[in-house]
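The values are calculated or read from the model by the stated rules, or taken from the named source; none is laboratory data. For clarity, every value in this text was computed on a predicted model and none was experimentally measured. Backbone-built Cβ (ideal geometry, glycine too); neighbour counts: all protein chains shown. The protein model used for the area step is the full one, side chains on, heavy atoms only, and it has no ligands, DNA or RNA in it. Shrake-Rupley method; radii C 1.70, N 1.55, O 1.52, S 1.80 Å.
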Amino acid sequence: GPAEAMVRIERLKQLAAEGKLKGVIEWVRDFLESGEKLVVFAHHQKVQLAIFDAFEGAARLFAADDMRVRQDNLDRFQQVDDCRRIVCALTAGGVGITLTAASNVALVELGWTPADMDQSEARLDRIGQKNAVTCHYLIARETIEEDILELLEAKRRVIEAAVDGEIKENASVFGALLKRLAEKQMALEDV
């Protein structure tokens, strides 16, 4: 059933994320040579920690951190020039947080709705932001992530086209992903 499928899909997402960690850390390292600040969003704790641990002096916004720890990390990222990266949980770093010290955001893992992704970008694109915000999607090729990103982009186009506003903005791509995976499975069985 759908619950079983959800568990399997989460596992595939986690494997994709863990498989690209080395590449992600190298990408972040290269980016930091620009001297600019960077906000990194990830979903799985293991992935968040691996990226955080790879960089000395990084700030963090993790779901498990209490409000005071979060605020201290936030202040350090926003105010200290040398603190050039902050690793955030997709959920913890979401609503009500301002990260305008950076104009670059890297999404290591994807959410289920276009709104999840926009929410991350919106943390940087607030009053006080002096630059255009650039969003970098760090996607593992030929994994479930490519399917999810394609579906999210297609859904975003539908939302933008729905001038009458009747389409629910938060509709998840989970159902479409299930259908796509089933079709791929059938195609494999036909071979």
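See the values below:
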quantity	calculated
Whichever residue in region 32-51 is polar (S, T, N, Q) and part of a helix (DSSP H, G or I) and, among such residues, is nearest to residue 83 (Cα to Cα)	48
Selected residue (criterion: surrounded by the most Cβ atoms within 10 Å (Cβ to Cβ)) from residues of region 36-56 that are among the small types (Gly, Ala, Ser) and modelled with pLDDT of 95 or more	50
Count of residues meeting criterion [under 13 Å from the mean Cα position of the chain (by Cα) and either modelled with pLDDT of 90 or more or of a type outside the set (S, T, N, Q) (or both)] in region 111-133	10
Cβ pairs under 9 Å, 6+ apart, first in region 126-141 and within 13 Å of residue 41 (Cα to Cα) and open to solvent by less than 50 Å² (accessible area, probe 1.4 Å), second outside any loop (DSSP other than H, G, I, E, B) and of a type in the set (Ser, Thr, Tyr)	135/120
Criterion (within 22 Å of residue 146 (Cβ to Cβ) and either in a strand (DSSP E or B) or out of contact with any Asp or Glu (no Cβ under 7 Å at 6 or more places or on another chain) (or both)) met by exactly one of 76, 8, 60, 29	8
Given (1) open to solvent by 30 Å² or more (accessible area, probe 1.4 Å); (2) within 20 Å of residue 52 (Cα to Cα); (3) under 15 Å from the mean Cα position of the chain (by Cα), index of the condition residue 108 fails	(1)
Filter result (assigned to a loop (DSSP other than H, G, I, E, B) and either open to solvent by 30 Å² or more (accessible area, probe 1.4 Å) or over 21 Å from residue 42 (Cβ atoms) (or both)) within region 63-73	63, 64, 66
Pair list, Cβ < 7 Å and 6+ apart or interchain, from region 163-183 residues that are within 16 Å of residue 2 (Cα to Cα) and at pLDDT 85 or above to residues that are aliphatic (A, V, I, L, M) and surrounded by 14 or more Cβ atoms within 10 Å (Cβ to Cβ)	173/148; 173/151; 173/152; 176/151; 177/9; 177/148; 177/151; 178/5
